[in-house]
1. Within segment 165-211, count every residue that is part of a loop (DSSP other than H, G, I, E, B) and under 15 Å from N138 (Cα atoms).
2. Which residues, counting only those in segment 93-119, are in contact (Cβ under 8 Å) with a residue 40 or more places away in the chain, part of a loop (DSSP other than H, G, I, E, B) and surrounded by 13 or more Cβ atoms within 10 Å (Cβ to Cβ)?
3. Could we say that N189 is more than 25 Å from the chain's Cα centre (by Cα), closer than 18 Å to V101 by Cα and touching a residue at least 24 places away in the same chain (Cβ under 8 Å) here?
4. All but one of (1) in contact (Cβ under 8 Å) with a residue 60 or more places away in the chain; (2) more than 27 Å from G100 (Cβ to Cβ); (3) assigned to a helix (DSSP H, G or I) hold for L157, so report the exception by its number.
5. Modelled with pLDDT under 55, more than 30 Å from K153 (Cβ to Cβ) and not in a helix (DSSP H, G or I): which single residue out of A15, A2 fits that description?
6. Return yes when A54 is among the hydrophobic types (A, V, I, L, M, F, W, C), outside any helix (DSSP H, G or I) and modelled with pLDDT of 55 or more and no when it is not.
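The values are calculated or read from the model by the stated rules, or taken from the named source; none is laboratory data. Because the structure is predicted, anything quoted here is derived from the model rather than measured. All Cβ positions, even for glycine, are placed from backbone atoms using ideal geometry, and neighbour counts span all protein chains on display.
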Amino acid sequence: MARVQQVNDKNKKVAVNNKNNTVKSKAELAKTNPKREASKNEILFFRLGMSIIALTLITVAIIFTIRYFMNDDEVDVVYEDLIHITTNDLKYLTYDDGSGVYGDFAYFNGVAGKEELAEVINTNNLIYVYFYRSSAINEEIKALIEALDVEGKAFLLMDLDKNEDVFQLTDKGNFTLDNTRNNMLLIFNVEQQTFQLEIRVVDIVREINKL
């Protein structure tokens, strides 16, 4: 017959008490060990790191800003040494005031800043006006013009980007400018009182080569 093991009630109570003591000890340990606060050195290093990051970002922003403006300053200014004219200049160069003769060259005499223009139009029979857009430079024509010796010649230029109103000009010679073109060449024969307008690059190159 199997012997039934009897559990001492006293031992049972001790086991329960030990369990309660274990739970209690963990709770007390958690209470006595709160979350550790950062030390002064750690806070200092954190602030230093954030300052370095902010300084780096500011430096990068300054560098990009400087490069942006430097690129703007380095934009190639084409034809700056040649004679440029405006829409109003073109009017007095080519229009007929009712006398039957195109051009009122006397208008430019004595006008400040127009001395060189007045000289070349009064000493040349052929007046060339090259129309271009500074935003869409034709490199072939640019290279050709820069290689030319136009000293003393009536080779004039007009930037269409700066003179959009030229397409509305009515007081001018019997030629019609094409506002869809980025390059045009007008040749005014003063003696024969005729106008020749070239709108194809190949024709412009051909005529400029005759200078």
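1. Start the filter on segment 165-211 by keeping residues that are part of a loop (DSSP other than H, G, I, E, B), which leaves 169-182, 190-193, 199-200, 209-211.
Right, trim to under 15 Å from N138 (Cα atoms) and you get 180-182, 199-200.
So the answer is 5.
2. First, the residues of segment 93-119 that are in contact (Cβ under 8 Å) with a residue 40 or more places away in the chain: 93-96, 101-103.
This time we only want the ones that are part of a loop (DSSP other than H, G, I, E, B), so: 95, 101, 103.
Result: Y95, G103.
3. Values: more than 25 Å from the chain's Cα centre (by Cα): yes; closer than 18 Å to V101 by Cα: yes; touching a residue at least 24 places away in the same chain (Cβ under 8 Å): yes.
Yes; evaluated as a whole, the condition is true for this residue.
4. So L157 meets the others, but not (3).
5. Details: A15 fails: not in a helix (DSSP H, G or I).
Only one candidate qualifies: A2.
6. Numbers: among the hydrophobic types (A, V, I, L, M, F, W, C): yes; outside any helix (DSSP H, G or I): no; modelled with pLDDT of 55 or more: yes.
Here the answer is no, as A54 does not meet what is asked.
Conditions (1) at pLDDT 95 or above; (2) in a helix (DSSP H, G or I); (3) surrounded by 10 or more Cβ atoms within 10 Å (Cβ to Cβ), marked per residue:
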site	(1), (2), (3)
I63	no, yes, yes
D72	no, yes, no
V75	no, no, no
K91	yes, yes, yes
Y130	yes, no, yes
L144	yes, yes, yes
G152	no, no, yes
